[in-house]
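The values are calculated or read from the model by the stated rules, or taken from the named source; none is laboratory data. All of these numbers come straight from a predicted model, not from anything done at the bench. Note that we place each Cβ from the backbone using ideal geometry, even for glycine, and neighbour counts take in every protein chain shown. The area values use the complete protein model at the heavy-atom level, side chains included, leaving out ligands, DNA and RNA. Shrake-Rupley method; radii C 1.70, N 1.55, O 1.52, S 1.80 Å.
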Amino acid sequence: MFEDLNQKVAVITGGSKGIGNAIAIRYAQEKMKVVINYHSDQAGADKAVEQIKEAGGDAVAVQADVSTEAGVQALLDAAIDNFGGLDVWVNNAGMEIQRPTHEVSLEEWNKVIDINMTGVFLGEKAALNYWLDKKQPGAIINMSSVHQQIPWPTFASYATAKGGVKLLTETTAMEYAPHNIRVNALAPGAINTPINAKKFADKAQYEQTRSMVPMAKIGDPEDVADAAVWLASNQSKYVTGTTMFVDGGMSLYPSFQGGKG
Ligand code: BGC
């Protein structure tokens, strides 16, 4: 379906589970070669490598902390050493800490910003330098969230990081557009992933979240992966600096449904 992706090389941060994992498997269906980054879930990453090979792609799992320059360099090196180059870089790794803002420690704040925002900067920087040096085009996909736009009390560090990812995406899209390097973001809403496992195991909380989605359902990681494959491919060749919301309408002020307000 996306023939131009055949044999292309992607790095996916946080690829051992959730949305990153679904993107890796979707890319494998296009016969891509994928560097699966994981932080601590080696078993998940090994399983993803197997799934990718079964799906027709190729993969290698690499442990790295994306909030360090050495970490992202290891991912780039793995792409070059194993698969001979780099075409797509997906900054997906993320985490969240819930706490009233006045109680958040500086350490917690820094951790969320480091992984969700600085990690995106470092990933972009590694990919940009590679493509500029090789004088070749590339596609970067940053995992944002509906919370790049929707305030989220008790998740200030996360919302702040995602707001940063939005402007980082737009700024670098503009800066590198002359080099045919495209930078876009995906903004998932409520998706069935490990980050939400505890919340969604509670039926009342699950239903409450579901009621905030105009399409009245929680999304699947594959819904996000379907957008990530399009943004990686030539079919989006004139698209840069945009955020694609994959949220069942969650970001559309659902409380106004039916003409309320
Ligand atoms: C968060 C989820 C949350 C969703 C909608 C996502 O960015 O990771 O935990 O359910 O936004 O609020």
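If you average the sequence gap of Cα pairs under 8 Å that are 6 or more apart and divide by the length of region 143-259, what percent do you get for the contact order?
Normalised by residue count, the contact order of region 143-259 is 34 percent.
Between region 125-183 and region 50-87, what is the separation of their alpha carbon centroids in Å?
19 Å
Take the Cα atoms of region 161-226, build their convex hull, and give its volume per residue in Å³. Kindly include the intermediate steps, with their values, before the conclusion.
Values: hull volume 7.5 nm³, N = 66.
Roughly 113 Å³ of hull volume per residue.
For region 102-239, take the convex hull of the Cα atoms, compute a quarter of its surface area, and give me that in nm², please. Kindly include the intermediate steps, with their values, before the conclusion.
Details: hull surface 38.9 nm².
So the mean shadow area of the Cα hull is 9.7 nm².
With all pairs of different alpha carbon atoms counted, what Kirkwood hydrodynamic radius in Å does region 194-261 show? Walk me through the numbers before you get to the answer.
On the way: mean 1/r = 0.0710 Å⁻¹.
Mean inverse Cα-Cα distance, inverted, gives 14.1 Å.
How many times 2.2 N^0.38 Å is the alpha carbon radius of gyration of region 47-124? The partial results should precede the final answer.
Values: Rg = 15.6 Å, N = 78, 2.2 N^0.38 = 11.5 Å.
It is 1.35.
May I have the pair-distance distribution P(r) for the chain, computed from all Cα-Cα distances with 10 Å bins from 0 and rounded to whole percent?
8, 31, 37, 19, 5, 0
Between the DSSP loop rule and a limit of at most 13 other Cβ atoms within 10 Å, which chymotrypsin sites (Phe, Trp or Tyr not before Pro) in region 207-250 are left? Before the final figure, lay out the partial values.
Working: sites: W230, Y238, F245; in loops: Y238.
Hits after loop and neighbour filter: Y238.
Rolling a 1.4 angstrom probe over the protein heavy atoms, how many square angstrom per residue are accessible across the chain?
Details: 12460 Å² over 261 residues.
The answer is 48 Å² per residue.
Can you tell me how region 103-167 classifies by the Cα gyration tensor, rounded, prolate or oblate, using a/c under 1.5 as the rounded cut?
Details: a/c = 5.06, a/b = 2.07, b/c = 2.45.
Note, shape of region 103-167 comes out oblate.
To the nearest 20 debye, what is the magnitude of the charge dipole of region 5-142 about its Cα centre, counting +1 on the Cβ of each Lys and Arg and -1 on the Cβ of each Asp and Glu? Working shown, then result.
Working: 12 positive and 18 negative charges, 101 e Å.
Computed charge dipole of region 5-142: roughly 480 debye.
Looking at the chain, which longest stretch skips every one of the trypsin sites (Lys or Arg not before Pro) that is in a DSSP loop with at most 11 other Cβ atoms within 10 Å, leaving the sites themselves out?
Details: sites that count: K135, K260.
Looking at the chain, 1-134 is the longest stretch - no exposed trypsin sites (Lys or Arg not before Pro) with at most 11 other Cβ atoms within 10 Å.
Between K53 and I80, what FRET efficiency follows from the Cβ-Cβ distance if R0 is 25 Å, with the result rounded to 0.05?
Values: r = 20 Å, r/R0 = 0.80.
So, using R0 = 25 Å, E works out to roughly 0.80.
For D226 and V239 in one chain, what is 0.36 nm times their gap in residues minus the Cα-Cα distance, to one decimal in nm? Could you put the intermediate results ahead of the total?
Values: separation 13, 0.36 × 13 = 4.68 nm, distance 1.59 nm.
Extra length available between D226 and V239 comes to 3.1 nm.
Have a look at V9, T171, Q205 and report the one farthest towards the positive end of the charge dipole of the chain, computed about the Cα centre with Cβ charges (Lys/Arg +1, Asp/Glu -1).
Comparing the listed Cα positions along the dipole, Q205 ranks first.
How big is the dipole moment of region 110-261 about its Cα centre under a simple scheme where the beta carbon of each Lys and Arg is +1, that of each Asp and Glu is -1, and everything else is neutral? Debye, nearest 20, please.
On the way: 14 positive and 12 negative charges, 25 e Å.
Its charge dipole is roughly 120 debye.
Can you give the extra length, in nm with one decimal, that the chain gains between M1 and L132 once fully stretched, where that is 0.36 nm per residue apart less the Cα-Cα distance?
Details: separation 131, 0.36 × 131 = 47.16 nm, distance 2.85 nm.
Using 0.36 nm per residue and subtracting the Cα-Cα distance, I get 44.3 nm.
Pairs of Cα atoms under 8 Å, at least six residues apart: use those to get the relative contact order of the chain, whole percent.
On the way: 538 pairs, mean separation 50.4, N = 261.
It comes to 19 percent, rounded to a whole number.
Does region 1-71 come out rounded, prolate or oblate by the C-alpha gyration tensor, with a ≥ b ≥ c the root eigenvalues, rounded set by a/c under 1.5 and, if not, prolate when a/b is larger than b/c and oblate if not?
Values: a/c = 2.26, a/b = 1.60, b/c = 1.42.
Verdict is prolate for region 1-71.
Per-residue ellipticity at 222 nm for the chain, helices alone: DSSP H runs ≥ 4 residues times -39500 (n - 2.57), over residue total, nearest 500 deg cm²/dmol? List each step's numbers first, then the result.
On the way: 9 runs with 111 residues, N = 261.
So the helix-based figure for the chain works out to -13500 deg cm²/dmol.
Tell me the carbon and sulfur percent of the accessible area for the chain, rounded to whole percent, probe radius 1.4 Å. It would help to have the intermediate numbers written out before the result.
On the way: 6650 of 12460 Å².
Carbon and sulfur together cover 53 percent of it.
Give me the number: length gained by fully extending T101 to D46, i.e. 0.36 nm times residue separation minus the C-alpha to C-alpha distance, one decimal in nm. Before the final figure, lay out each step's value.
Details: separation 55, 0.36 × 55 = 19.80 nm, distance 3.67 nm.
Full extension of this stretch gives 16.1 nm more.
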